[in-house]
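The values are calculated or read from the model by the stated rules, or taken from the named source; none is laboratory data. Everything quoted here is computed from the prediction, not taken from an experiment. Backbone-built Cβ (ideal geometry, glycine too); neighbour counts: all protein chains shown. Only protein heavy atoms, including side chains, enter the accessible area calculation; ligands, DNA and RNA are left aside. Shrake-Rupley method; radii C 1.70, N 1.55, O 1.52, S 1.80 Å.
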Amino acid sequence: MFEVRTPRTGKARRALEKRAPKLVETGKKTLILHGTKTSGVLNAVLTEIYHMKKGSAVKFSRKNENIKPFESGGETSLEFFLNRTDCSIFVFGSHSKKRPDNLVIGRAYDHHIYDLVEIGVENFKPMESFKYDKKLAPQIGSKPLIAFIGEGFENVEELKHLKEVLLDLLRGEVIENLNLVGVDRAYVCTAISSNRVFLSHCGLRLKKSGTKVPRMELEEIGPSMDLVVRRHRLPNESLQKEAMKTTREKPKKKVKNVSKDAIEGKIGKIYMPDQKVGDVALPNIAKGVKRERREAKLKNGENKHASKKLKENST
């Protein structure tokens, strides 16, 4: 059991709120670790997964003896590491005679184990064994496309569960809009049988198609492997109900004096108060005023001189 501490400062409270489960989730961090015994193939698989998830993954290099996800009591250390690293999905590798090259992929809710899928790795090919144009190498943090091919992902319970876990593991950060130019890789998962899935990592090449939308070609860049489903554990009903909570969409508040038009777009009405033009202070244009005064004085002087002449003539 973890010791529950109440935050005493605003900074600590904001940090706990950031780690707390959210109704609308963003990207999930991945914890990668292994048990007491591993093989060379399994170490290469864990390293490849870490490189594919670079930027949103934490990898432990030490051996962990007490972690046994499917056994009771073997989840305590794992939940502790998930809480310390703030990860909500993990990949645990182990190797034994009974289960060689074994991977356990699981999800966590509120830093407690949510569900588990155990798979075996076969026919693994690392990224180094593929020859391709280095310009196709995916960028760190790019959004991938994920394709699931085969009826098994809709009919077989184990493959349906594996599909959900792989989606959370590979999809990256949740976004609303996507620029097609930034899509540079794809994960292709093919259901070969009821318990076997072929996973391959491909690069995307954009070519001209004669339209605005370019034509895409897939080129395998690795890694690739066969995933054999061995065991899986579905989440508890009460925990699943709590984790699947969603927010109701609130109706948008009506904005006053704003309307939308199909042609002109967003149109707004602005009401101006009565402008008192008579009280507005006008600028003092000195040059014009002086010139007008000078001309007025000359005219007044001429008028006075003419009036004096008229008086003298009359006398």
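A DSSP coil position with no more than 14 other Cβ atoms inside 10 Å describes the following GluC sites (Glu not before Pro) in region 125-176: 151, 173, 176. Tally up the carbon and sulfur contribution to the accessible surface of region 49-170 as a whole percent, 1.4 Å probe, everything protein left in place. The C+S portion of the solvent-accessible surface of region 49-170 is 47 percent.
Can you tell me how region 10-128 classifies by the Cα gyration tensor, rounded, prolate or oblate, using a/c under 1.5 as the rounded cut? Taking the square roots of the gyration eigenvalues as a ≥ b ≥ c, region 10-128 is prolate.
Only DSSP H runs of four or more residues enter the estimate; each adds -39500 (n - 2.57), and after division by the residues of the chain the mean residue ellipticity at 222 nm equals -8500 deg cm²/dmol. In this rough spin-label picture, where each label sits 7 Å from Cα along the Cβ direction, the residue 207-residue 29 distance is 4.2 nm.
Residue 272 sits with roughly 130 Å² accessible to a 1.4 Å probe, with DNA, RNA and ligands left out of the calculation. Entry comment: accessible area of region 37-178 is 55 Å² per residue, from protein heavy atoms only and a probe of 1.4 Å. In this calculation the C-beta distance from residue 218 to residue 131 is compared with R0 = 22 Å, giving a FRET efficiency of 0.90. Ranking 145, 132, 180 by how far each Cα lies toward the positive end of the dipole of region 132-194 (charges on Cβ) leaves 132 at the top.
If you sort 119, 267 by accessible surface, 1.4 Å probe, largest first, the order is 267, 119. Annotation for residue 173 and residue 261: the two label points, set 7 Å from Cα along the Cα-Cβ direction, are 3.8 nm apart.
What FRET efficiency, computed as 1/(1 + (r/R0)^6) with R0 = 41 Å and r the Cβ-Cβ distance, is obtained for residue 13 and residue 226, rounded to the nearest 0.05? Before the final figure, lay out the partial values.
Numbers: r = 47 Å, r/R0 = 1.15.
Plugging the Cβ-Cβ distance into 1/(1 + (r/R0)^6) gives 0.30.
Measuring spread by the Cα atoms of the chain yields a radius of gyration and Dmax of 36.8, 145 Å. Here the dipole of the chain is about 2800 debye; that uses its Cα centre as origin and unit charges on the Cβ of Lys and Arg (positive) and Asp and Glu (negative). Computed over the chain, relative contact order equals 15 percent, with contacts defined as Cα pairs under 8 Å that lie 6+ residues apart. Inter-label distance, residue 280 to residue 50: 7.1 nm, where each label sits 7 Å from its Cα along the C-beta direction.
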